[in-house]
Amino acid sequence: MSHYLDSVNSPKDIKKLNTDELTDLCSEIRKLMVKVVSENGGHLASNLGAVELTVAMHKVFNSPTDQFVFDVGHQSYTHKILTGRRENFETLRTEGGISGFTRPDESEHDIFSSGHSSTSISSAIGLAKAKSLRGEKGKVIAVIGDGALTGGLAYEGLNNNECSNLVVILNDNNMSISPNVGTMAKNLTTIRTSPRYFTFKSKITRFIARIPRIGAQLTRSITAVNQKIRKRVYKNTFFEDLGFRYYGPIDGHNLDDLIDALNVAKAHSHSVLIHVNTVKGKGYEHAEKNPSLFHGIGKFNIETGEPISSGDTFSSVFGKSLMALAEKDSRVCAITAAMSTGTGLVPFSEKYPKRFFDVGIAEQHAVTFSGGLARNGMIPFFAVYSTFLQRSYDQLIHDVAMQHLKVIFCIDRAGFVGEDGESHQGIFDTAFLMSVPHLTMYAPTYFEELSSMMYQAIYKEDDAVAIRYPRGKACEKPEGYEYNKESFSVFGDSECRNCIITYGREFCQCYNAVESLDNTYIIKLNRIKPVAPELCDYLRKAQHIFFFEEGIKCGGVGEHVGAMLSENGITAQYHHIAVEDGFVKQAPVSSQLQRYRLDAASIISEVKAFE
């Protein structure tokens, strides 16, 4: 068995290996990926499909002089392994370990931070333009694929390309992109991707141009004839119409073809787009058979491919509840932005295909599209991760709230999400939604509350509704707990000295803490916007009020409650504990709660400090 991976500590080591050795290296990389992701979770299928492509990139280009930008960053595992992080790869997505996305503070080879889709081309154009302005050498290579071309930002970038040092690699793993057809087109692609042909063509062009008196005119005539022939036998692509030199499609698992094409791009004095076809999940049978499951997966059994964790989650309960509502009300429909699996909507899509809409990675369109559905009598549920909802803020205000339209936003992954890191924590939605008029927001703690709030959103509310819930399972309910369907619930005696206010999943930590505290009661907010004014009636005798919030402090629910208490003459000392200004790094949710003093032990300490 080969052991080339053990000798690869930097991109320079790649350049010493021939194609056969690189092929063996790719196999070793895949085995390492499958092992680590099975233990830590992560994005597996996309990375397995991009191994040869990334190896070829490092074979041809010189990182970090040539800068690589990976769209989303979830296809960058091979890049990390080849750029000095092989020995630490087993720490992937762990607390203090390497990120599952590109992070400039982690390596000089990660030029741009990532996590969200469709950003690579715009950032790469900016990087390339800055290189040109500063007189710096090197290409900027943007790798985009895995559905990212369904996002409008990618086309905004393509439309604004004016760089000669830009290479865009389209990693097409079964996307709806039509390849050029016909034997002639394939032959022309083969010729045009030959480095020797490209060099020869450039020399001939320069030679003809230097011919006295007729050189310039002859060059223009030859170019015009060439273009006419090309348009007859080699159909112009969309990308060429945007000013790119297009090469492809190329087998994304054939190292020789990839290296030839990348060498052409490296030698080119024009922006280039290389279209490669790859197999998502390549090399791991279970991922090839079910790439959607292995796109982003938790810990799993390598032999069977089965996820280790099982049972209901907030996402699955949302999906089941929506199907129950849709069965009784034909107006109910579901919208997702390329996240049908993650948001629990696959069963709905199979049962009600005509009322299910996957719009691709297009959150802005999803919101405005939902507004249109609502205007003409439908009841749209847009299921979206908290971190992705922020991409559609203008549409939420302008196309939904301002028009009093009942769009129901089911905000998954609200609060801490653990190992996905800074770009995916769901801590900002409360802050940016609290200021939106004509929008009501709920926060369930338990599964049955989510189902009930979805029903309330349809039949008890007139305008837009947001229901935010965390990733994964619900915590254990206290004995005798019942959801009262009111705007808030009180646990304990409101005559007590200390009051804890909270909402959502954080209630579990607060309830556990109160069992070890004297003279303390809890108010659990079920509806967090608007906050019910009657809340003040239960706070007039409290001396200390603590608001614990699993979200950003600035603009959060706790700030609004604090202002309301002040306006209503509540004189108790107010303590707001939430995420201070900053981004939450990857770690287990339990560690994140501890870090921001939101776990039960920290809550006990916080309250006891004022006894």
Within the stretch 466-486, identify whether any single residue is surrounded by fewer than 16 Cβ atoms within 10 Å (Cβ to Cβ), within 20 Å of L598 (Cα to Cα) and acidic (D, E), and answer yes or no. yes
Of the residues L17, L25, L44, which single one is in the same structural domain as G97 (by TED's automatic domain parsing), under 17 Å from R86 (Cα atoms) and without any contact (Cβ under 8 Å) to a residue 60 or more places away in the chain? L25
Do we find that G296 is closer than 30 Å to M453 by Cα, at pLDDT below 95 and within 23 Å of the chain's Cα centre (by Cα) in this structure? yes
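Going residue by residue through the stretch 120-133, is there one that turns out to be over 23 Å from V36 (Cβ atoms) and not in a helix (DSSP H, G or I)? Steps first, please.
Taking the stretch 120-133 and keeping what is over 23 Å from V36 (Cβ atoms), we get 120-133.
In the following step, the residues that additionally are not in a helix (DSSP H, G or I) were identified as none.
Within the stretch 120-133, not a single residue is over 23 Å from V36 (Cβ atoms) and not in a helix (DSSP H, G or I).
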Which condition number does H404 fail, the rest of (1) surrounded by fewer than 17 Cβ atoms within 10 Å (Cβ to Cβ); (2) under 18 Å from E506 (Cβ atoms) being met? (2)
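Just to be sure before I move on: is Q425 of a type outside the set (K, R), under 23 Å from S118 (Cβ atoms) and crowded, with 24+ Cβ neighbours inside 10 Å in the structure I sent? Give the steps one after another, and end with the answer.
Values: of a type outside the set (K, R): yes; under 23 Å from S118 (Cβ atoms): yes; crowded, with 24+ Cβ neighbours inside 10 Å: yes.
When the stated conditions are applied, Q425 passes them.
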So which of S123, S132, S113 is at pLDDT below 95, within 30 Å of G360 (Cα to Cα) and assigned by TED's automatic domain parsing to the domain that holds G157? S113
Within the stretch 548-575, tally of residues that are under 30 Å from the mean Cα position of the chain (by Cα) and either closer than 19 Å to R527 by Cβ or part of a helix (DSSP H, G or I) (or both): 10
Considering only the stretch 450-489, state which residues are among the polar types (S, T, N, Q) and at pLDDT 95 or above. S451, S452, Q456, S487, S489
Quick one: in the stretch 251-293, which of the residues that are free of Cβ contacts under 8 Å to residues at least 24 places away in the same chain and more than 22 Å from the chain's Cα centre (by Cα) is surrounded by the fewest Cβ atoms within 10 Å (Cβ to Cβ)? E285
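For every residue, the table says whether it meets (1) more than 16 Å from R93 (Cβ to Cβ); (2) under 21 Å from the mean Cα position of the chain (by Cα); (3) crowded, with 24+ Cβ neighbours inside 10 Å.
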{"position": "I29", "(1), (2), (3)": "yes, no, yes"}
{"position": "K35", "(1), (2), (3)": "no, no, no"}
{"position": "G41", "(1), (2), (3)": "no, yes, no"}
{"position": "A50", "(1), (2), (3)": "yes, yes, yes"}
{"position": "V55", "(1), (2), (3)": "yes, no, yes"}
Can you go through R355, R331, R391 and tell me which one is of a type in the set (D, E, K, R), in contact with an Asp or Glu (Cβ under 6 Å, 6 or more places away or on another chain) and not assigned by TED's automatic domain parsing to the domain that holds G73? R391
Please state which of the following conditions L22 fails to meet, knowing it meets all the rest: (1) touching a Phe, Trp or Tyr at 6+ places or on another chain (Cβ under 7 Å); (2) farther than 19 Å from G145 by Cβ. (1)
If I filter the stretch 491-498 for residues that are of a type outside the set (V, I, T), in contact with a helix residue (DSSP H, G or I) (Cβ under 7 Å, 6 or more places away or on another chain) and buried (at least 20 other Cβ atoms within 10 Å of the Cβ), do I get at least one hit? yes
Only one of N519, N526, N498 that is polar (S, T, N, Q), closer than 23 Å to L433 by Cα and in contact with an Asp or Glu (Cβ under 9 Å, 6 or more places away or on another chain): N526
Residue check: is E90 among the acidic types (D, E), in contact with a Lys or Arg (Cβ under 9 Å, 6 or more places away or on another chain) and either within 23 Å of V272 (Cβ to Cβ) or not in a loop (DSSP other than H, G, I, E, B) (or both)? yes
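So which of D420, D412 ends up being of a type outside the set (A, V, I, L, M, F, W, C), surrounded by 24 or more Cβ atoms within 10 Å (Cβ to Cβ) and at pLDDT below 95? Spell out the reasoning first.
Values: D412 fails: at pLDDT below 95.
Within the list D420, D412, the selection yields D420.
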Can you tell me how many residues in the stretch 238-293 are part of a loop (DSSP other than H, G, I, E, B), among the small types (G, A, S) and touching a helix residue (DSSP H, G or I) at 6+ places or on another chain (Cβ under 7 Å)? 3
Out of the residues in the stretch 67-111 that are crowded, with 22+ Cβ neighbours inside 10 Å and acidic (D, E), which is nearest to Q425 (Cα to Cα)? D71
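Might you let me know whether the stretch 446-461 holds any residue that is without any contact (Cβ under 8 Å) to a residue 12 or more places away in the chain, out of contact with any Lys or Arg (no Cβ under 6 Å at 6 or more places or on another chain), assigned to a loop (DSSP other than H, G, I, E, B) and not aliphatic (A, V, I, L, M)?
Step one: of the stretch 446-461, the residues without any contact (Cβ under 8 Å) to a residue 12 or more places away in the chain are 459-460.
Then drop every residue that is not out of contact with any Lys or Arg (no Cβ under 6 Å at 6 or more places or on another chain), which leaves 459-460.
Checking which are assigned to a loop (DSSP other than H, G, I, E, B) leaves us with 460.
Now restrict to residues that are not aliphatic (A, V, I, L, M): 460.
Yes, some residue in the stretch 446-461 is without any contact (Cβ under 8 Å) to a residue 12 or more places away in the chain, out of contact with any Lys or Arg (no Cβ under 6 Å at 6 or more places or on another chain), assigned to a loop (DSSP other than H, G, I, E, B) and not aliphatic (A, V, I, L, M).
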Suppose the filter is surrounded by fewer than 21 Cβ atoms within 10 Å (Cβ to Cβ), of a type in the set (S, T, N, Q), part of a loop (DSSP other than H, G, I, E, B) and at negative phi; does S435 pass it? yes
May I ask you to list the residues in the stretch 294-310 that are touching a residue at least 60 places away in the same chain (Cβ under 8 Å) and more than 18 Å from G344 (Cα to Cα)? K299, F300, N301, I302
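The values are calculated or read from the model by the stated rules, or taken from the named source; none is laboratory data. Please read all numbers here as calculations on a predicted model, not as lab measurements. No Cβ is skipped: glycine too gets one built from the backbone with ideal geometry, and neighbour counts run over all protein chains shown.
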